[in-house]
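The values are calculated or read from the model by the stated rules, or taken from the named source; none is laboratory data. Source: prediction; values computed, not measured. Here Cβ is always computed from backbone atoms with ideal geometry, including for glycine, and neighbour counts include all displayed protein chains.
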Amino acid sequence: MSREPEVNQELAAGHGLKPDEYQRILDLLGRTPSFTELGIFSAMWNEHCSYKSSKKWLRTLPTTGPQVICGPGENAGVVDIGDGQAVVFKMESHNHPSYIEPYQGAATGVGGILRDVFTMGARPIAAMNSLSFGAPDHPKTRSLVAGVVAGIGGYGNCFGVPTVGGEVRFHAAYNGNCLVNAFAAGLADADKIFYSAASGVGMPVVYLGAKTGRDGVGGATMASAEFSDDAEEKRPTVQVGDPFTEKRLLEACLELMASGAVISIQDMGAAGLTCSAVEMGDKGGLGVELDLDAVPCREDAMTAYEMMLSESQERMLMVLRPEKEDVARAIFDKWDLDFAVVGQTIAEDRFLIRHGGETKGDLPLKALSGTAPEYDRPWVETPAAAPLGDVPDCDPAADLLALMGTPNLCSRAWVWRQYDHMVMADTVVRPGSDAAVVRVHGTAKALAFTSDVTPRYCKTNPVEGGKQAVAEAYRNLSATGARPLATTDNLNFGNPERPAVMGQFVGCIQGIGAACSALGMPVVSGNVSLYNETNAQAILPTPTIGAVGLLESLEQMIPMAPGAGDTLVLIGETKGHLGQSAWAWELHGRDEGDAPPVDLDAERRAGDLIRSLKARDLITAAHDLSDGGLAIAAAEMAIASGTGVTLEQAPGLGPAAWFFGEDQGRYLVGCADPDAVVAAAKEAGLAARTVGAMGGDQIILGDTALPLATLAEAHCTGFARLMGEA
Amino acid sequence: MKSAVIVFPGSNCDRDMGVALTQATGREAQMVWHKDAALPQGLDMIALPGGFSFGDYLRCGAIAARAPIMRAVVDFAKRGGLVLGVCNGFQILIETGLLPGALMRNQTLKFICSDVHLSVETTRSPFTSAYGNRRVITVPIAHHDGAYIADDATLDRLEAEDRIAFRYVSAEGQPTADANPNGAARNIAGILSENRRVLGMMPHPERLADPALGGTDGAALFASLAAALEAA
């Protein structure tokens, strides 16, 4: 065995521990930690695992509601969907690994989030991904897009979960830090949810799944630091995924849970064996003793340090009922998975690690997570934006054609055609609509899924931007007819030690909290990714909101495509807000003005109105207005239905403000009786007006026009053009 | 009709196939584990489902073709039993030698999940009889390795013997290069065995056999099977 390095402040610094944090360890133990113990502290106390900069603010988020079965703190959130069933979901980032090694980084991000869901006893039924890349012409962008998309597909397709939605955006602020946020949702019986808290003394701690290798050692610590130009040298800290093993692990875990053998279970994600063992002990008020000689290893001569910090994928730790050991062993054998008793629960508050006849670690277990540092980082409020100056001229049809082919607004079919979005044969609404809809297998119910955020709003006005991310998710769910249930948040920001960045974080949390409360969509799970900076260039603040809604029956579902001859009614107030709009930014390179304000009360009434219009059979289609405003929404409906559309110019507003303004809280609906729709909106206290009709083969905007076929061609080929394939 | 779906580690369309068979036949399809040495008694039909059996390691379908149950499946086919292989199931049938040719990586080198138009090239089979006069149908594909190839003599023979079950075609029914999603030889999407009782196809009929999922063009394949077995 190689000699262990001497533990001192310098070595601690190399583990990402600040001098005061190292001192805290010395004070806690009353001695110098061993090398393995230092590794354990660095794993438990890094930003990724400890949330030390964000905790104070995360506590302010609404996390409860009558529908919430389990909020944040477990592997994933659990929400009641009636009939004794629950949806289990979470979103998590894999940003740093994906930038370093796009295929494996993204693949293992998908693997990690799927494990979070099935660890709770749920069978995954849907996945989504929110992806942010650098400028389309940046030399790394194409290879990152190609690698990340292939990695997500490679993992999800093989595992057999439909990838049904997500987002892709491009902005130079992500040049040195792409974002890969992976969402997964699963289905479980509400009374058969599995948690991580161990119970009972002397119970066997069982290791299940792939063997432990040296991959990913120190990954969580890497993910808690800024990048500089040497990012690629960190490639060995990225793990390698094996979706085939994960699929077997899923089936074995669900069989094992059904057998009654599982007391508690925790997946080995960031910081592997360390985090999972501490979590199970801590939540159960127990100590844990591990015998590392029993850990199945892929490589020779692994040290205790390496085993405790390995992030090898597709591994689970569980506490099993000893009398069921034979049942458990038969299931593991059936699926040809490695299985070993690697320790036991103990009554004392200790985390004992033995290896090769030596004690490599002996730490107070509760203190490992309980005394992790927590910071109230200084922050400054984001200054108010100057108003948008003179608005350039606008030719609505020409501008629409240009916008619909831009990297940020063109069709994402190039991406989702690489994802199996139909496996499990329950995908009712495929990617490319407001929200994807997946049937609850064997029932009349369905779940709607969306992920949303508009980072340029969040940068300009974090509070309104935070609200808007939730409001847009609410609208996307409502536009499909679903009743929004709850959210998961994946908060991606720069270096929290810089007060301006911390101010963005605080502002976004305030906005998200306000919106989640007002719209009745509590946050039930989430993840924080900080230090998304390269050479001190921070990303745009990107608090991705993943949201889930319920359709009691498919009859409540609203399509996005209206029929030819349908009248279009615009619901919600249009003031013509062009600040931070896609039109100003994409076509004129202007990121000026304030973000559009969000009226949460009006949002809620508008969502309720859409559902009630459907229940009263007054609408044939609905689509939410977001980036690019009215013209883009109408164009997307036209392309989806294969029918032209005519929109009139409203009096009192310029063409840019009317067609491309991004006022919030608006929907475009198709209907046969516009008077009835307008009257219903008035009753709900909402503005509504007839703005046009479907028909023909032209897109007519005021007194400008272009053929639908031309627009569809630009929209559909945009992504291939950006990838250099068309 | 008594049907079974063989489940390999990594199969992920096994449930979908079971649902489609159960719906079409009114009798629950049985799931059979790959490590079993024998098939259930009295089977009329076996399906090899889509997915990534054994992770697609070595070569798609290669390891599954050597699973213990496959000896019984091959015997069943040789005795004239009906066998349907979809996607990974088609790859496995080719690896067992029950069907000729090979399935190569898609020409685009990318995984493709999309609805495609297929022409029903023959209704003279227990899998396609119910398509009647319907020539062009819509069924999804979802694969990375689905480009069917064989030598010209084999392709000529398949055509001469009316053993091409489906081709990729345009909406108008033409087997154009644009309509060919993966670069398959002669736009071939599915083929029959010599006795016409084994069908391998890359598209997934089980995914569009339910109106809620956006189409029912896959349902006639299962209806054909049910009818064939009732008649027998």
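Within the group A:Thr704, A:Thr710, which residue is modelled with pLDDT of 95 or more, closer than 30 Å to A:Arg142 by Cβ and either among the polar types (S, T, N, Q) or more than 31 Å from the chain's Cα centre (by Cα) (or both)?
Exactly one of A:Thr704, A:Thr710 is modelled with pLDDT of 95 or more, closer than 30 Å to A:Arg142 by Cβ and either among the polar types (S, T, N, Q) or more than 31 Å from the chain's Cα centre (by Cα) (or both), namely A:Thr710.
Collect the residues in segment A:319-337 that are surrounded by 17 or more Cβ atoms within 10 Å (Cβ to Cβ) and within 14 Å of chain B (Cβ to nearest Cβ), keeping them in residue-number order.
Residues satisfying the conditions are A:Ile331, A:Phe332, A:Trp335, A:Leu337.
Can you list the helices (runs of 4 or more DSSP H) found entirely within segment A:654-723 that contain at least 1 residues being under 19 Å from A:Gly572 (Cα atoms)?
Numbers: elements: A:655-660, A:674-683, A:708-722.
Filter on segment A:654-723 gives A:655-660, A:674-683.
List pairs: first in segment B:202-231 and closer than 20 Å to B:Tyr168 by Cβ and within 14 Å of chain A (Cβ to nearest Cβ), second part of a helix (DSSP H, G or I) and small (Gly, Ala, Ser), Cβ under 6 Å, 6+ apart or cross-chain?
Taking only residues 6 or more apart or on different chains, the pairs are B:Glu206/B:Ala20; B:Ala209/B:Ala20; B:Ala209/B:Ala219.
Being touching a Phe, Trp or Tyr at 6+ places or on another chain (Cβ under 7 Å) and buried (at least 16 other Cβ atoms within 10 Å of the Cβ) is true for just one of B:Ser129, B:Ser125, B:Ser119. Which residue is that?
B:Ser119
Across segment A:539-567, what is the total count of residues that are part of a strand (DSSP E or B) and buried (at least 23 other Cβ atoms within 10 Å of the Cβ)? Break it down stepwise before answering.
Narrowing segment A:539-567 to residues part of a strand (DSSP E or B): A:542-551, A:567.
Next, only the ones that are buried (at least 23 other Cβ atoms within 10 Å of the Cβ) stay: A:542-549, A:551.
Looking only at that region, the number is 9.
Let's see how each residue does on (1) of a type in the set (A, V, I, L, M, F, W, C); (2) farther than 18 Å from A:Lys247 by Cα; (3) at pLDDT below 95:
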residue	(1), (2), (3)
A:Val278	yes, yes, yes
A:Glu299	no, yes, yes
A:Gln313	no, no, yes
A:Leu320	yes, yes, yes
A:Glu323	no, yes, yes
A:Leu337	yes, no, yes
A:Thr345	no, yes, no
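Name the strands (runs of 3 or more DSSP E) wholly within segment A:115-198 that hold at least 3 residues that are more than 14 Å from A:Ala76 (Cβ to Cβ) and touching a helix residue (DSSP H, G or I) at 6+ places or on another chain (Cβ under 6 Å)?
Here the list reads A:123-133.
Residue-by-condition table, conditions (1) within 14 Å of another protein chain (Cβ to nearest Cβ); (2) on the phi > 0 side of the Ramachandran plot; (3) not β-branched (Val, Ile, Thr):
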position	(1), (2), (3)
A:Thr245	yes, no, no
A:Met257	no, no, yes
A:Ile263	no, no, no
A:Asp267	no, no, yes
A:Thr274	no, no, no
A:Val278	no, no, no
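Limited to segment A:650-685, what total is found for residues that are of a type outside the set (Gly, Ala, Ser) and more than 16 Å from A:Ala622 (Cα to Cα)?
11
Going residue by residue through segment A:624-632, is there one that turns out to be under 23 Å from A:Asp675 (Cβ atoms) and not charged (D, E, K, R)?
yes
Can A:Cys49 be described as under 30 Å from A:Gly361 (Cβ atoms) and surrounded by 16 or more Cβ atoms within 10 Å (Cβ to Cβ)?
Criteria met by A:Cys49.
Looking only at segment A:635-650, decide whether some residue is under 17 Å from A:Lys575 (Cβ atoms), modelled with pLDDT of 95 or more and among the aliphatic types (A, V, I, L, M).
Within segment A:635-650, not a single residue is under 17 Å from A:Lys575 (Cβ atoms), modelled with pLDDT of 95 or more and among the aliphatic types (A, V, I, L, M).
Can you confirm whether B:Gly18 is surrounded by fewer than 24 Cβ atoms within 10 Å (Cβ to Cβ) and either away from chain A (no Cβ under 14 Å) or among the β-branched types (Val, Ile, Thr) (or both)?
no
Name every residue in segment B:106-155 that is among the polar types (S, T, N, Q), in contact with a Ser or Thr (Cβ under 7 Å, 6 or more places away or on another chain) and assigned to a loop (DSSP other than H, G, I, E, B), in order of residue number. Show your work before the answer.
Let us first name the residues in segment B:106-155 that are among the polar types (S, T, N, Q), namely B:106-108, B:114, B:119, B:122-123, B:125, B:128-129, B:133, B:138, B:154.
Those left that are additionally in contact with a Ser or Thr (Cβ under 7 Å, 6 or more places away or on another chain): B:122-123, B:128-129.
Matches in segment B:106-155: B:Thr122, B:Thr123, B:Thr128.
Looking at (1) surrounded by 20 or more Cβ atoms within 10 Å (Cβ to Cβ); (2) within 14 Å of another protein chain (Cβ to nearest Cβ); (3) touching a residue at least 40 places away in the same chain (Cβ under 8 Å), which one does B:Leu98 not meet, given that it meets all the others?
Here B:Leu98 meets the rest and fails (2).
Hey, could you check segment A:343-396 for residues that are in contact with a strand residue (DSSP E or B) (Cβ under 8 Å, 6 or more places away or on another chain) and among the hydroxyl-bearing types (Ser, Thr, Tyr) and say which is farthest from A:Gly503 (Cα to Cα)?
Filtering segment A:343-396 for residues that are in contact with a strand residue (DSSP E or B) (Cβ under 8 Å, 6 or more places away or on another chain) and among the hydroxyl-bearing types (Ser, Thr, Tyr), the one farthest from A:Gly503 (Cα to Cα) comes out as A:Thr359.
Identify all residues within segment B:173-191 that are buried (at least 23 other Cβ atoms within 10 Å of the Cβ) and in a helix (DSSP H, G or I); write none if there are none.
The answer is B:Asn187, and nothing else.
How many of the residues in segment B:156-172 are assigned to a helix (DSSP H, G or I) and either among the acidic types (Asp, Glu) or crowded, with 21+ Cβ neighbours inside 10 Å (or both)?
3
Would you mind listing the helices (runs of 4 or more DSSP H) fully within segment A:294-378 where at least 1 residues are without any contact (Cβ under 8 Å) to a residue 40 or more places away in the chain?
A:325-334
For residues that are in contact with a strand residue (DSSP E or B) (Cβ under 7 Å, 6 or more places away or on another chain) and among the small types (Gly, Ala, Ser), scanning just segment B:100-145, find the one that is farthest from A:Arg412 (Cα to Cα).
B:Ser125
In the list A:Val438, A:Val423, A:Val415, which residue meets the criterion of being farther than 30 Å from A:Lys52 by Cα, touching a Gly at 6+ places or on another chain (Cβ under 7 Å) and within 14 Å of chain B (Cβ to nearest Cβ)? Break it down into steps so the answer makes sense when it comes.
Details: A:Val438 fails: touching a Gly at 6+ places or on another chain (Cβ under 7 Å); A:Val415 fails: touching a Gly at 6+ places or on another chain (Cβ under 7 Å).
It is A:Val423.
In segment B:50-93, how many are closer than 20 Å to B:Arg207 by Cα and either in a loop (DSSP other than H, G, I, E, B) or in contact with a helix residue (DSSP H, G or I) (Cβ under 6 Å, 6 or more places away or on another chain) (or both)?
9
Provide a single number: the residues in segment B:35-63 that are away from every other protein chain (no Cβ under 12 Å) and either buried (at least 20 other Cβ atoms within 10 Å of the Cβ) or free of Cβ contacts under 8 Å to residues at least 12 places away in the same chain (or both).
So the answer is 6.
For segment B:133-141, does any single residue satisfy the condition of being among the basic types (Lys, Arg), surrounded by fewer than 19 Cβ atoms within 10 Å (Cβ to Cβ) and at pLDDT below 95?
Here is the first cut: in segment B:133-141, the ones among the basic types (Lys, Arg) are B:134-135.
From what is left, the residues that are surrounded by fewer than 19 Cβ atoms within 10 Å (Cβ to Cβ) are B:134-135.
Okay, now just the ones that are also at pLDDT below 95, so B:134-135.
Looking through segment B:133-141, at least one residue is among the basic types (Lys, Arg), surrounded by fewer than 19 Cβ atoms within 10 Å (Cβ to Cβ) and at pLDDT below 95.
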